[in-house]
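Take a look at the structure set out below.
A short reminder: the numbers here are calculations on the coordinates, not readings from a lab. The structure presented is a predicted model; accordingly, all values stated were derived computationally and were not measured. No Cβ is skipped: glycine too gets one built from the backbone with ideal geometry, and neighbour counts run over all protein chains shown.
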Amino acid sequence: MRPRLIVGNWKMFTTAASARRLAADVVRGLGPGSCVGVVLCPPAPYLGVVGEVVRDTAVVLGAQNVYPEKDGAFTGETGINMLLDLGCRYVIVGHSERRHIFGEDDPFINRKTKATLAAGLEVIACIGETLAQRRRGETKTCLEGQLAGALAGLTAEQIRHVVVAYEPVWAIGTGMNATPEQAQEAATEIRKLVQGLVGEGPARDLPILDGGSVNAANAATLMHLPDVDGGLIGHASLEVDQFLSIVRSAA
Ligand code: PGA
């Protein structure tokens, strides 16, 4: 049985006060003994605040980004040691906003993946095609390239600490989610590609998340597809009722 996971990506939203409140509301609403893993990824400046709220609860702290060095002269960046220090357990890499707004390429994403795994943290590797790529019939090629890029050089054992999030770029923040057929088709493809890279066992056990405009209304179907094990939730993770409803849908 693969673990079920719902990840809240708060992007560049919240204040210190609202981040603390939102995290506390999620912890309270979730209660003890949830069978769905819940990860909250606040903006970097609020990792400490949220980390304090979720410490010793069922909720886990994740980072939206990392610079792939422990520490050093990298002005403005957040190193892996800092994320460890703050109690992070997961790091999102390869998010489409990092790829498209900040120009991150596959080799750089691969460095982040390796640095995160070397520190003993879990990776949430995001991949997904643009609308133009989908229209040109290039979805599979795109997923293949991004997956091979992000996971290059990893052993089967390391892949056991990776979660892949399928997030079609055209669905992120647009209110236009992948249909259950599209999400399942992509997830099957991802599992097949990972099998080609590191073999059947790790591919079968790989948790795959669906993302891009997942909300309380569409989660019930999307979270229960045969190859989908949870979701990466952006805007809907900023509203506690909606986020908790998605978590319940995934159970
Ligand atoms: P969205 O974002 O749910 O707001 O579409 C998802 C994401 O960017 O991870």
Go through segment 5-33 and give me each residue that's within 16 Å of the ligand (Cβ to nearest atom) and among the charged types (D, E, K, R).
Lys11
Tell me which residues, restricted to segment 159-185, are under 22 Å from Gly62 (Cβ atoms), more than 15 Å from the ligand (Cβ to nearest atom) and either in contact with an Asp or Glu (Cβ under 8 Å, 6 or more places away or on another chain) or of a type outside the set (A, V, I, L, M, F, W, C) (or both).
Arg160, His161, Val162
Given (1) in contact with a helix residue (DSSP H, G or I) (Cβ under 6 Å, 6 or more places away or on another chain); (2) closer than 22 Å to Val66 by Cα, index of the condition Gly145 fails:
(1)
Which numbered condition Gly103 fails, given (1) more than 23 Å from Glu239 (Cβ to Cβ); (2) assigned to a strand (DSSP E or B); (3) more than 16 Å from the ligand (Cβ to nearest atom)
(2)
Of the conditions (1) without any contact (Cβ under 8 Å) to a residue 40 or more places away in the chain; (2) within 16 Å of the ligand (Cβ to nearest atom); (3) not in a helix (DSSP H, G or I); (4) not hydroxyl-bearing (Ser, Thr, Tyr), Leu209 fails just one. Which one is it?
(1)
Filter segment 212-242 for residues that are in contact with a Leu (Cβ under 8 Å, 6 or more places away or on another chain), more than 11 Å from the ligand (Cβ to nearest atom) and of a type outside the set (Gly, Ala, Ser) and give the result.
Val228, Asp229, Val240
Some residue of segment 179-187 being buried (at least 19 other Cβ atoms within 10 Å of the Cβ) and at positive phi:
no
Name the pairs whose Cβ atoms lie under 6 Å apart, with the first residue in segment 1-17 and over 24 Å from Leu206 (Cα atoms) and in contact (Cβ under 8 Å) with a residue 24 or more places away in the chain, the second outside any loop (DSSP other than H, G, I, E, B) and among the aliphatic types (A, V, I, L, M), and 6 or more positions between them or separate chains?
Phe13/Leu238; Ala16/Val49
